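The values are calculated or read from the model by the stated rules, or taken from the named source; none is laboratory data. These figures come from a predicted structure and were not determined experimentally. Note that we place each Cβ from the backbone using ideal geometry, even for glycine, and neighbour counts take in every protein chain shown. Just the protein is used for accessible areas: all its heavy atoms, side chains included, with ligands, DNA and RNA removed. Shrake-Rupley method; radii C 1.70, N 1.55, O 1.52, S 1.80 Å.
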Amino acid sequence: DTEVTQTPKHLVMGMTNKKSLKCEQHMGHRAMYWYKQKAKKPPELMFVYSYEKLSINESVPSRFSPECPNSSLLNLHLHALQPEDSALYLCASSQGRFAGLDRMSNQPQHFGDGTRLSIL
Amino acid sequence: SQQGEEDPQALSIQEGENATMNCSYKTSINNLQWYRQNSGRGLVHLILIRSNEREKHSGRLRVTLDTSKKSSSLLITASRAADTASYFCATGQDNYGQNFVFGPGTRLSVLP
């Protein structure tokens, strides 16, 4: 079992649908991440939230819209996706930017098991 | 952009043998991390080595870092079938290390 919970585990949607992916952690972490992973490829960073504020957007198309309602929750809203958006979407968390003097890159990231998204 | 580059891309060994995976990177780093991913699951953090460290151990894992060559290696000793997974190195890219970049990964198969 992971400490980062992602729902749903699987999602099939049409290109005109609107859906949301959810991620939750209760470790008190203040940094949360969304990654996209295609088969046999490494995860690619999409968004980073630090203290509930969006700090990195890796030039992700606007059909992906992140939201961080509070320090424990991270959502990814999906609208008008393309077939090439089919992938495993991973959420991760880490302690966050102001955890002592340690920069975030020195903190391990804790990953959920992902949502496998298929676009028809 | 990909920072870490793993080598080999795929590795198949017998149970009990050692597995060595290498990672190269391009820019200066504060640290390098290794993660494992079992099929269909999320990534699990294995070990972090800081730029001022040369070697680190954790159980059957040994990680080395050579900042002059911009490379790291992960050694798994006495491998088990349960070690079958993909292994990724990762580095933080900006001043705060928020921009995490993973290498392409090594797919390790440990045959019983």
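Quick notes
- Search result, residues across the range A:1-28 that are over 12 Å from the mean Cα position of the chain (by Cα), more than 13 Å from chain B (Cβ to nearest Cβ) and surrounded by 15 or more Cβ atoms within 10 Å (Cβ to Cβ): A:Leu11, A:Met13, A:Lys19
- Of all residues making up the range B:25-55, the number that are surrounded by fewer than 17 Cβ atoms within 10 Å (Cβ to Cβ), more than 17 Å from A:Lys41 (Cβ to Cβ) and free of Cβ contacts under 8 Å to residues at least 60 places away in the same chain: 9
- Yes/no for A:Pro83 being more than 24 Å from B:Ala90 (Cβ to Cβ) and either open to solvent by less than 70 Å² (accessible area, probe 1.4 Å) or among the aromatic types (Phe, Trp, Tyr) (or both): yes
- In the range B:19-32, the qualifying residues are those that are in a strand (DSSP E or B) and within 11 Å of B:Leu65 (Cβ to Cβ), and the one that is nearest to the chain's Cα centre (by Cα) is B:Cys23.
- Filtering B:Val110, B:Val63 for residues that are over 15 Å from B:Thr27 (Cβ atoms), more than 14 Å from chain A (Cβ to nearest Cβ), of a type in the set (Val, Ile, Thr) and open to solvent by less than 50 Å² (accessible area, probe 1.4 Å) leaves a single hit, B:Val110.
- Every residue from the range B:66-94 that is on the phi < 0 side of the Ramachandran plot and open to solvent by 40 Å² or more (accessible area, probe 1.4 Å): B:Asp66, B:Thr67, B:Ser68, B:Lys69, B:Thr77, B:Arg80, B:Ala81, B:Ala82, B:Thr84, B:Gln93, B:Asp94
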